[in-house]
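Data block below; observations after.
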Amino acid sequence: MAARRQVVAWLSKAEWEQVLEYLYSRDCKLQRDALHRISAWKSRYGNRMPLAVECTADLVRCKILDMSGGMEAEELVLLYGLALVRFVNLITERKQKTVSIPLRRLANELKIPEWVVTLRHDVTHGKLPKLSMCRKGWDCVMEWLRREYWSRQLGNSETPQWVEDEESLSEEAEEVQPQPSYKEQKHQALAVKLRETLHSYTREQFKIFQELLQDPKAKKQWSATSDLEWTIAQAKDSIRQSSAETAAEILLEDGFLIPTAKQLVTLKIDQEDFDENLHLPRMLFRVWQPLLKVLHSQDFTQELLEKMFSALGLCGDADIEQRAHYLSCWISEVLTANHRADRKCMIPSRNQTAVKSKWKLFPNRVGLKWRKLLQKCLESPCQATPQLLKLIFEYMKPSLPSDTQEKLLCLCSIYIQDDDSDGSMDYSDQPIYTVESLEWRLKQESKGRANNSRVAPAMEEDEEQTTSEHTEDEEMITQESYEDEYIQVINMKMATERRAVLQGSSWGISTEYVKWGEYPLGLVPGQSEDPGCLLVDSYSIMSVLEQQCTESKKNGNNAPTSSTTVAGASFEPILWSQAELNNIKAGLKLF
């Protein structure tokens, strides 16, 4: 049997191999030449162009535009996202049947990683992913195309040299990682340099702290050394070259402004000693005060506060409660220090004044974008948000109206309330916004009525005992009366709504107050639990035929019992005769 021949668009196998080599090259010029060849193939093939070739060409175009460095990150995310969506849809489309099959199952059959399908779903339906994830998806998809399509089209029975085993594939995938643009490389280098500088700063500060601990009797002050001053100058220069945003992100990593457990032990700070007033431990403050004092500016301080609020909103788990606490403390410290920066020391002693000014966090006050900080604070609510809001309301210029401040604080307290609250909060100054405030109000009213109805004990010698007994009785009475009143309020509200619905019908709502929770299903108030109460004591027996005749006489129905023709329409004869039906009915008995 003759071999099956197929017309292809490329001239020879050598041209195919050359295009494959150019596509996976790191040289943009060679990749453009490969794209020109593929365009020529498409003009010859038309609509019969292999989908894998088109997907590869689209992905390579994205990489060329990325390497050129002329596009923003958001534009590159959209570009990569469209290419990845097109790849997943086109490759899995041929395996779809009449009944739609989930893309994850099809991708699993085609050995496409599941996270690539998730990335495609995020681009299509959810929040756009980061550029780094798109580039990672590009690497994975390009490797899949080379392994599953391009290498198989070469027709070699042997395993191609770029597909040897899983280890070689992973190693080569790491080598094929595209080089970032010059701008990104410079940004990454500055970030690495700044991170190393901050590590040097912390090491130097902890070294000074250890020297103070070794000689506690010596009155040595925590002063900056020449190495520390040089490190601060290096950090300031790195931040100036990179950006305030990058510096704020690095400072908020664990081990810097947010101390690790090991650092807390070194500084002799109790890890569980959380201050409700958001006071930062003095040792931690002294570690970072020299650096923050030098970096203080309008742009850096504003960016640092915004990043702190954003990071605070991500601390929802109990495991990172410590991180949320120190973030809140730093926000409070920075806001307060900036507000008090221009105040003059009122201490008469010159030495005390010098010490006070030395440990001042900021030398001067800078203007902050208070509206933006307020928005960031409300977007990331936590347990410390009401205290931080009060600080913002106190320091912001121009200040908000008092009624607006109260409403924002009330809404914030409603949003962050715990599900397991014990009702111990004082809602006397707040309107009834929540169920908790309504319960508190009813409970207070019940307590007041219970106090008015309580009789003072007669014997003075038993005053303590009677007081405790009355206290217990008062709590029981208050609890019962509170529950009764609360249930009664709910029932009255429901009864009013039901009366409005049933108005004009034969049904009505009972006005009696019944605790239906005390009765099992099927029982009514006053009914005995003995099932024999449902039996009828006296009854008479009558046949169905007699009952039918009686009802006919009452209703005055004299119509004939059977009819074969009605308005010109004829009916077939019934299967039972009238006499047989009468005998059957006479045999039935009714109570």
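Using a 1.4 angstrom probe on the protein heavy atoms only, line up I101, I392 by accessible area, largest first.
Listed by decreasing accessible area, they come as I101, I392.
Which distance in Å, rounded to a whole number, links the C-alpha centroids of segment 55-79 and segment 357-408?
42 Å
Past 23 Å, Cα to Cα: identify those pairs from K207/K293; K236/K376; K127/K376; K186/K293; K493/K515; K136/K236, in the order given.
Violating the 23 Å limit, Cα to Cα: K236/K376; K186/K293; K136/K236.
Mean separation of Cα pairs under 8 Å and 6+ residues apart, divided by the residue count of segment 5-98: what relative contact order is that in percent?
Computed over segment 5-98, the figure is 23 percent.
If the limit is 23 Å between Cα atoms, which of K130/K307; K369/K390; K63/K183; K307/K407 go over it?
Table pairs above 23 Å Cα-Cα are K307/K407.
Using the heavy atoms of the protein chains alone and a 1.4 angstrom probe, what is the accessible area of segment 11-88 per residue in square angstrom?
Averaged over the residues of segment 11-88, the accessible area is 51 Å².
If you add up the charges near S200, with Lys and Arg at +1 and Asp and Glu at -1, over every other residue whose beta carbon is less than 11 angstrom from its beta carbon, what do you get?
Summing Lys/Arg as +1 and Asp/Glu as -1 gives +1.
Evaluate 2.2 N^0.38 Å with N set to the residue count of segment 3-61, then give the Cα radius of gyration divided by it.
For segment 3-61, the normalised Cα radius of gyration is 1.12.
Can you work out D for segment 28-157 in µm² s⁻¹ from Stokes-Einstein, where Rh is the Kirkwood radius over C-alpha pairs, the temperature is 20 °C and the viscosity is 1.002 mPa s?
It diffuses with D of about 137 µm²/s by this estimate.
Excluding E379 itself, calculate the net charge of residues whose Cβ lies under 12 Å from the Cβ of E379, where each Lys or Arg counts +1 and each Asp or Glu counts -1.
+1
Arrange the residues E394, E143 by how much accessible surface each exposes, largest first, with a 1.4 angstrom probe.
E394, E143
The values are calculated or read from the model by the stated rules, or taken from the named source; none is laboratory data. Since the structure is predicted, the reported quantities are computational estimates derived from the model, not experimental observations. Here Cβ is always computed from backbone atoms with ideal geometry, including for glycine, and neighbour counts include all displayed protein chains. Just the protein is used for accessible areas: all its heavy atoms, side chains included, with ligands, DNA and RNA removed. Shrake-Rupley method; radii C 1.70, N 1.55, O 1.52, S 1.80 Å.
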